[in-house]
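Accompanying notes for the structure given below.
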Amino acid sequence: MNKAKRAAVIAGNWKMNKTPAEAKALLEEIIPLVADAKCEVVACVPYVDLQIALETAAGTNVKIGAENVHWAEKGAFTGEISAPMLVAMGVPYVIIGHSERRSYFGETDETVAQRVRAAIDAGLKVILCVGEYLEQRKEGVTMEIVRKQVKVALGGVSAEELKNIIIAYEPVWAIGTGLTATDDQAAEVNHAIRELLAELYSREVADATTIQYGGSMNAANAEGLLSKEDVDGGLIGGASLKPADFAAIVKAASK
Ligand code: 13P
């Protein structure tokens, strides 16, 4: 089975939640619950929580990520954080192109591509988010939108560099809404992304790339979604803040 060719990755996206003290407490609850995971486990946390999160997760199987990164190495970009800064802290992962960044902070496919370039050059592992709005799904252009997002973001990314990129399909209408894509809807788009990777790179590269689903994934629906051939893990928002729920998702991905 091709699924065996790639790593299953369950990543939490804490979004703008948790102070450093709260982050430490939450990780201390999560860590023992996922200690025997047979998949990669990541917690992406606010910038101010990174240091305490790295310290708390040191020596465990939980990896830490940031939720965004700027494309420049340094300079006059007030309020921004660069990829070399994250690497210097010891942060291994970063989310790029989340729909909340696209919707609220002017993120475009082009700036996503610039951020991906900077992150890869610095040695970070990227969780690249793509996904359509509800109107786009209704208009029947989901595949075109997602293909464009992936294609632009990966412009200039080599097959070797793609090994450090996870793609997360997150339909915007399913994020934080309690509306989940059906198992088949998630599988269909994830499959289309893999076919695009086969076109852009090769079948071997496509089969080796981890493609997650995200959008109201929870303890109850994770197993069905993760049972699909092209769904290699999840990017979890709300449920990643609930240790038992997050652990249940990790367990579902460990089967
Ligand atoms: P929810 O799981 O809260 O829907 O959020 C998904 C998400 O945006 C993860 O990046």
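The values are calculated or read from the model by the stated rules, or taken from the named source; none is laboratory data. Since the structure is predicted, the reported quantities are computational estimates derived from the model, not experimental observations. Ideal geometry is used to build each Cβ from the backbone, glycine not excepted, and the neighbour counts take in all protein chains shown. Just so you know, the surface numbers come from the protein's heavy atoms only, side chains and all, with ligands and any DNA or RNA stripped out. Shrake-Rupley method; radii C 1.70, N 1.55, O 1.52, S 1.80 Å.
Summary table
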quantity: Matching residues, the stretch 126-146, being open to solvent by less than 60 Å² (accessible area, probe 1.4 Å), free of Cβ contacts under 8 Å to residues at least 40 places away in the same chain and among the charged types (D, E, K, R); calculated: 137
quantity: Every residue from the stretch 179-207 that is in a loop (DSSP other than H, G, I, E, B), surrounded by fewer than 22 Cβ atoms within 10 Å (Cβ to Cβ) and among the aliphatic types (A, V, I, L, M); calculated: 179
quantity: Subset tally (residues that are in a helix (DSSP H, G or I) and either away from the ligand (no atom under 13 Å from the Cβ) or open to solvent by 40 Å² or more (accessible area, probe 1.4 Å) (or both)) for the stretch 147-178; calculated: 11
quantity: Subset of the stretch 88-117 [within 16 Å of the ligand (Cβ to nearest atom) and either assigned to a strand (DSSP E or B) or acidic (Asp, Glu) (or both)]; calculated: 93, 94, 95, 96, 100, 107
quantity: Subset of the stretch 87-101 (residues that are without any contact (Cβ under 8 Å) to a residue 60 or more places away in the chain and within 28 Å of residue 174 (Cβ to Cβ)); calculated: 91, 92, 94, 96, 97, 101
quantity: Any chance residue 237 is touching a strand residue (DSSP E or B) at 6+ places or on another chain (Cβ under 6 Å) and buried (at least 18 other Cβ atoms within 10 Å of the Cβ); calculated: yes
quantity: Unique match (being in contact (Cβ under 8 Å) with a residue 40 or more places away in the chain, open to solvent by less than 40 Å² (accessible area, probe 1.4 Å) and more than 30 Å from residue 58 (Cβ to Cβ)) among 83, 113; calculated: 113
